[in-house]
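Beneath this line is the structure, given in structure tokens, with notes to follow.
The values are calculated or read from the model by the stated rules, or taken from the named source; none is laboratory data. Here the structure is a predicted model, which is why all the values come from computation and not from measurement. Note that each Cβ is placed from the backbone with ideal geometry, even for glycine, and that neighbours are counted across all protein chains shown. When the accessible area is computed, the model is the full protein with side chains, heavy atoms only, and any ligands, DNA or RNA have been set aside. Shrake-Rupley method; radii C 1.70, N 1.55, O 1.52, S 1.80 Å.
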Amino acid sequence: MDLALVDAQRTSARTPYVPRGIDFGCDYNPEQWDPAVWREDVALMRQIGVSLVAINIFGWSDLQAPDGSFDFTNLDEIIELLHANGIRVNLGTGTSSPPPWLTTRHPEILPVADDGTYRYPGGRQAWCPSSPIFRRAALALAEAVAERYGRHPAIALWHVSNELGCHNAHCYCDESAAAFRRWLRARYGTIAELNRAWGTSFWSQRYTDWAEIGTPRRTLSTRNPSQVLDFSRFSSDELRDHLIAERDVIRRHSDLPVTTNFMVTAHIRELDYWQWAPEVDIIANDHYLDHRLADPHGELAFAADLTRGLAGGAPWMLMEHATGSVNWQPHNLAKLPGQMLRDSLEHVARGADSVCFFQWRASLQGSEKFHSALVSHTGTRSRLWAEVQELGDVLGRLGEVAGSRVAGDVALLFSWEAWWAFDAENRPSSSVAYLDQVWATHRALREAGATVDVVAPGAPLDGYRLIVVPGLHLVRDAHAAVVDDAVRAGAHLLVTFYSGIVDENDRVRPGGYPAVWRDLLGIRVEEFAPLLPGDAVSLTSGTSASLWTERVVAVDCDVRDRFDGGPADGAPALTRRSGSGGSGDAWYLATLPDAHGLDRVVDDVLRGAGVERLAGAAPGVDVIRRASEDRGYRFIINHTASDAVVPARGHDLVTGTDVSGELRVPAGAVRVIREDAVR
Ligand code: GAL
């Protein structure tokens with residue numbers, strides 16, 4: 001992907017989205033409420049400073065009748081009401097969930113799972129991304145909405161569909177198979193080329209005609225991994241095409257910016273947002289803390305940094321998060337007092353200029369009735385409402401932060417296609433997962449006070465002192481070369497195990513892993529030797545490691561640590577090829593050290609690379625800096641149960657007090673210091 005083009009497209013957006021300070025907003029579903037409640041809602045929104053409201057997200061069945069006619073009476077009224085109260089509208093196209101009359105009339109739009117069974121209406125998003133019937137119907141609705149409101153002064157932003165691919169990312173129906181074949185023809189041109197790319201001489205899979213190729217439905221054994229990988233790419237592209245189609249309809253009627261809410265989060269991996277990002281005028285993300293994970297806040301921090309990466313470093317929108325619990329995890333934890341503010345500002349610290357929630361008023365019916373909201377079932381006589389008011393006040397005081405940027409001097413390479421390839425069936429160990437590797441390095445860097453930009457493989461790496469490549473299993477030749485060039489130009493490099501193993505078709509590069517960076521790292525990995533869950537191995541430094549070992553041969557590097565026991569006994573576990581003639585050091589880590597051991601590795605690497613660190617960062621204490629041309633803002637976010645004492649000088653925008661030298665951030669609190677000096 002040409003990232004220069006990405007920037008050009010983004011800056012050429014006809015009307016940029018400009019938040020009002022740090023926007024405070026929410027999804028609002030007035031169709032669930034009586035008009036009398038609308039007025040109370042809008043009065044309350046004004047009271048707490050809500051500046052942006054997303055509506056018509058699930059409006060289709062209210063707007064359109066089976067005869068195709070539209071009734072905009074309620075939507076007109078809501079928009080006027082918000083407008084009259086100075087609240088800007090983020091207007092949904094409403095196409096996310098087809099109404100029952102449409103799926104009844106056209107059951108062929110329903111998605112099919114990988115076992116060939118249909119997924120039925122009654123929930124949401126019951127549509128196949130490749131269905132031409134659905135596409136036509138959705139575009140007709142988008143067109144009607146855009147035509148009616150395209151120049152309405154209340155509208156500030158367009159919101160295409162909702163979380164495209166949240167439930168329907170992969171459809172295995174015959175229509176999808178036909179679209180997949182078209183996509184493959186465009187990619188490979190000939191059947192011979194496809195056979196080569198997919199390695200179909202393995203297991204007698206050679207194709208003689210396009211018609212023989214289907215979606216990778218469930219098989220008796222495991223499936224062809226290259227086919228599965230291409231199906232993932234195709235599926236992401238199909239939904240991106242849907243986004244583009246709706247966007248282009250909107251653009252015929254409106255100059256306003258268009259976005260859609262991404263799901264940069266741990267449990268959604270089907271959409272390659274590097275490919276989507278250039279298609280929207282501003283990046284927006286939905287993020288929910290995931291208590292199924294060992295470190296939910298670590299995941300939040302990474303997701304926010306990645307979202308900033310998608311925005312090319314520019315400010316982005318937090319389009320949805322929760323005031324408290326969600327309803328879709330096995331155990332839906334309430335937020336602790338103070339946590340909503342802290343979590344909100346963690347996103348702001350990492351570049352968000354909007355803090356929006358799902359949703360305004362908690363539903364009384366439907367699947368999400370036990371999902372938190374700004375106005376809970378209890379109403380405004382509640383602790384939660386007091387916190388909501390406080391959040392509104394604090395966001396009001398943070399207005400001057402809007403537009404400032406985070407600038408890291410560490411680049412961490414992240415890729416959705418590498419995620420798909422890493423976590424595929426038949427990998428060396430099913431306990432080894434891509435995100436775990438990414439999070440492990442991100443955590444160590446964060447706790448060391450480094451500021452990390454998450455970037456796409458192939459993105460320009462100029463200006464970064466350190467490049468970190470955790471578990472980038474699949475890497476394209478051209479993207480590998482960008483890393484080589486950056487190291488030759490002086491950047492330091494840390495690569496962790498299972499990186500650089502396969503090319504873009506999931507074909508292994510032979511001659512010793514990771515062939516693509518073997519010379520750069522000065523090593524050769526001869527054999528993988530993963531560990532059983534719960535097993536550990538010692539390193540000669542005394543560090544304990546788990547999950548993975550491998551038989552590494554040091555070819556042209558210093559060995560900094562070795563396996564002491566285990567299946568790779570005596571082999572290098574950590575190596576460094578010293579830079580010479582202006583190039584940077586290239587480190588390779590062949591295992592997963594425990595947290596303390598990884599901290600030591602990262603500390604050495606950061607020191608060698610001369611990376612600036614923000615003082616005070618520690619486990620559970622994040623320190624991040626946003627800066628504009630003349631101002632710096634230091635965010636200190638204390639997720640721990642003890643007070644944190646950090647060096648800081650300036651004015652705290654959260655409490656309105658001056659700070660000179662040392663700041664005590666109470667347990668669970670957050671502070672935003674406007675710094676006295678730019679640096
Ligand atoms: C998002 C979605 C919202 C709501 C929310 C609940 O996936 O966009 O409509 O369902 O999750 O957490």
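When the residues of the stretch 30-42 are filtered to those that are open to solvent by 10 Å² or more (accessible area, probe 1.4 Å) and touching a residue at least 40 places away in the same chain (Cβ under 8 Å), the one that is farthest from Thr380 (Cα to Cα) is Glu31.
Hey, could you check the stretch 269-295 for residues that are surrounded by fewer than 16 Cβ atoms within 10 Å (Cβ to Cβ) and within 16 Å of the ligand (Cβ to nearest atom) and say which is nearest to Ala424 (Cα to Cα)? The extreme case among them is Arg292. A single member of Glu147, Glu108, Glu143 is under 30 Å from Val53 (Cβ atoms) and touching a helix residue (DSSP H, G or I) at 6+ places or on another chain (Cβ under 7 Å), and it is Glu143. Taking the stretch 34-94 and the helices (runs of 4 or more DSSP H) fully enclosed by it, the elements with 3 or more residues that are within 16 Å of the ligand (Cβ to nearest atom) and outside the structural domain of Ser376 (by TED's automatic domain parsing) are at 60-63. In the set (1) without any contact (Cβ under 8 Å) to a residue 40 or more places away in the chain; (2) surrounded by fewer than 22 Cβ atoms within 10 Å (Cβ to Cβ); (3) not aromatic (Phe, Trp, Tyr), Pro533 fails one condition alone, (1). Is it true that some residue in the stretch 140-162 is of a type in the set (Ser, Thr, Tyr), open to solvent by 10 Å² or more (accessible area, probe 1.4 Å) and within 16 Å of the ligand (Cβ to nearest atom)? Among the residues of the stretch 140-162, not one is of a type in the set (Ser, Thr, Tyr), open to solvent by 10 Å² or more (accessible area, probe 1.4 Å) and within 16 Å of the ligand (Cβ to nearest atom), which makes the answer no.
With (1) over 18 Å from the mean Cα position of the chain (by Cα); (2) open to solvent by 10 Å² or more (accessible area, probe 1.4 Å) as the list, and Thr496 as the residue in question, which single condition is left unmet? Condition (2) is where Thr496 drops out. Only one of the listed residues (Arg381, Arg427, Arg443) is under 30 Å from Ala529 (Cβ atoms) and not in a helix (DSSP H, G or I). That residue is Arg427.
The set of residues in the stretch 421-434 that are of a type outside the set (Gly, Ala, Ser) and open to solvent by 20 Å² or more (accessible area, probe 1.4 Å) comprises Asp423, Glu425, Asn426, Arg427, Pro428.
Pairs linking a residue in the stretch 339-354 that is in the same structural domain as Glu390 (by TED's automatic domain parsing) and over 22 Å from Ser325 (Cβ atoms) to a residue that is part of a helix (DSSP H, G or I) and not β-branched (Val, Ile, Thr), with Cβ atoms under 6 Å and 6 or more positions apart or on different chains, are Arg350/Ala304; Arg350/Asp305; Arg350/Arg308; Gly351/Arg308. Within the stretch 95-109, the residues that satisfy the criterion of being out of contact with any Ser or Thr (no Cβ under 6 Å at 6 or more places or on another chain) and either part of a loop (DSSP other than H, G, I, E, B) or without any contact (Cβ under 8 Å) to a residue 60 or more places away in the chain (or both) are Ser97, Pro98, Pro100, Trp101, Leu102, Thr103, Thr104, Arg105, His106, Pro107. Scanning the stretch 356-366 for residues that are near the ligand (Cβ under 10 Å from one of its atoms) and not in a loop (DSSP other than H, G, I, E, B) yields a single hit, Phe357.
The rows are residues; the columns are (1) open to solvent by less than 80 Å² (accessible area, probe 1.4 Å); (2) within 16 Å of the ligand (Cβ to nearest atom).
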residue: Glu368; (1), (2): yes, yes
residue: Gly379; (1), (2): yes, no
residue: Arg383; (1), (2): no, no
residue: Val394; (1), (2): yes, no
residue: Glu400; (1), (2): yes, no
residue: Val406; (1), (2): yes, no
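Set side by side, the residues Val454, Val487 differ, and just one is closer than 21 Å to Leu520 by Cβ, touching a residue at least 24 places away in the same chain (Cβ under 8 Å) and in the same structural domain as Leu598 (by TED's automatic domain parsing), which is Val487. Just checking, does the stretch 172-190 include any residue being within 16 Å of the ligand (Cβ to nearest atom), open to solvent by less than 60 Å² (accessible area, probe 1.4 Å) and under 29 Å from Tyr118 (Cα atoms)? Looking through the stretch 172-190, none of the residues is within 16 Å of the ligand (Cβ to nearest atom), open to solvent by less than 60 Å² (accessible area, probe 1.4 Å) and under 29 Å from Tyr118 (Cα atoms). The C-beta contact set for the stretch 361-376 (first residue within 19 Å of Gly122 (Cβ to Cβ), second residue basic (Lys, Arg) and within 10 Å of the ligand (Cβ to nearest atom), distance under 9 angstrom, 6+ apart or interchain) comprises Ser367/Arg124.
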